[in-house]
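All of the numbers you see were taken from the coordinates with simple rules; none came from a lab. Predicted model, so just to flag it, every value in this text is computed and none were measured. Note: ideal-geometry Cβ built from the backbone for every residue, glycine included; neighbour counts use all protein chains shown.
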Amino acid sequence: MVITPAIGIATHSLFVNPIRQANEKLQFGKVGDTTLYLAMRDYVERLKEMGDDETNQKLFQIIKIDDSKPPFLTGVLEAGEYGFARRIANKKLRTTSKQLTRDEADLRPYYFLLYLPDDKVEGKLFLQTFKGFGIQKLLVDYFQNAFKEQFPELRLKCNSFISPKLINDLVDNSKVAQITFEETYMPTDIANEVWPGQKPKKEQAGSLKVVLQPGYDSSFPVISRVKKLFKGELKPSNFINLDFITPNIIRVKLRTNGRDRTVTCASEPDLRPVFDFTGQIDLENGNPKFESIDAKAKELLDDLLRENNEGKVGKT
């Protein structure tokens, strides 16, 4: 049995403003004596040399850059943690194949997309997630620090983004085909039933998932609550009242004209929906093929920009 990894794309908006005029957004084509696109391309180029985030104990390096179609800047960044010794085991042989030291990191590849038109004041940053892991803090912190060093009087801002209109259009034209409620720690009463007479720690007791799926060709009548969930107006824990689970993660599968799209919402502060593309992206050695995830990301960007009458940009 092959289990497809959970691959998502988190969407963010980017803009630039002067320190003394926090409400003013600068046009990307007029950032200092250059453009935001050229500045960001320079920052990305620097990452061809491996970086070391000593505070968070992470190594990272750009292994692919595509700047052939401005205002797009896409690529792959590898990142991984160090600071603790661990063993690498081989699944097939059931043996340890390598011992990593505290100074070594196992690097994972993550796709990213920057969309920075010169005539706009707001751009987009898309970042791949993998089973809940990602590079948001690592890459955004790097971009903001590099930008601040180059432009001391300006600030590069990054906000998690999902268009309210996209939410309305997506949900109104879709059926709720499945809802998965997940509590990352198993409730104590259930853990006690599983481990009678023992007191496992929360992190040892595992997680609890409840999947609700309607009958054939039907859907759940929860559209208004789904909208509030996606907009951050409703916490996952308040979505539904179940005695045996208090979910902190909800995955909603929406079906539109036979096409499924899953949006994941979590209760952690400032964490907004991630578009789940698990099973929709071609893999190579368990990781997304660049051309496949790049096409899906630009398709998603088309959806986000179409509402502003900017047309399809993903294939330019």
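Amide H contacts of Gly75: Asp66, Phe112, each under 5 Å away and 5 or more positions distant or on a separate chain (H built 1.01 Å from N in the peptide plane; Pro and chain starts excluded). Using θ = phi - 60° in the Karplus curve 6.51 cos²θ - 1.76 cosθ + 1.60, the 3J(HN,Hα) couplings for region 75-80 round to x, 9, 10, 9, 8, x Hz; x is entered for Gly and Pro. For Ile293, Ile249, the sequence from fewest to most other C-beta atoms within 10 Å is Ile249, Ile293.
Residue-wise HN-Hα couplings along region 69-74, as the Karplus relation 6.51 cos²θ - 1.76 cosθ + 1.60 with θ = phi - 60° gives them from phi, are 9, x, x, 7, 9, 10 Hz; Gly and Pro carry x. With a Förster radius of 35 Å applied to the beta-carbon distance between Lys30 and Arg306, the computed FRET efficiency rounds to 0.85. Taking amide H positions as modeled 1.01 Å from N, with prolines and chain starts lacking one, the residues under 5 Å from Leu234 and 5 or more places away or on another chain are Leu229. Length, then width, then depth: along the principal axes, the Cα atoms of region 32-75 run 32, 25, 14 Å. Amide H contacts for Thr278 (H built 1.01 Å from N in the peptide plane; partners 5 or more residues away or on another chain; cut-off under 5 Å): Ile7. The ranking of Cys158, Cys265 from fewest to most other beta carbons within 10 Å of each one's beta carbon is Cys158, Cys265. The phi-based Karplus calculation (6.51 cos²θ - 1.76 cosθ + 1.60; θ = phi - 60°) puts the 3J(HN,Hα) values of region 21-35 at 9, 4, 8, 8, 10, 7, 5, 5, x, 10, 9, x, 9, 9, 10 Hz, whole numbers, x for Gly and Pro. When the pairs Lys253/Lys289; Lys30/Lys131; Lys91/Lys227; Lys58/Lys228; Lys209/Lys231; Lys91/Lys175 are compared against a 32 Å limit on Cα-Cα distance, Lys30/Lys131; Lys91/Lys227; Lys58/Lys228; Lys91/Lys175 fall above it. Each Lys or Arg adds one and each Asp or Glu takes one away; over the other residues whose Cβ falls under 9 Å from the Cβ of Val263, this sums to +2. Using the Cβ-Cβ distance between Arg255 and Asn285 with R0 set to 30 Å, the FRET efficiency from 1/(1 + (r/R0)^6) comes to roughly 0.45.
Could you tell me the calculated FRET efficiency between Thr278 and Arg86, based on Cβ-Cβ distance and R0 = 41 angstrom, to the nearest 0.05? Rounded to the nearest 0.05, the efficiency is 0.95.
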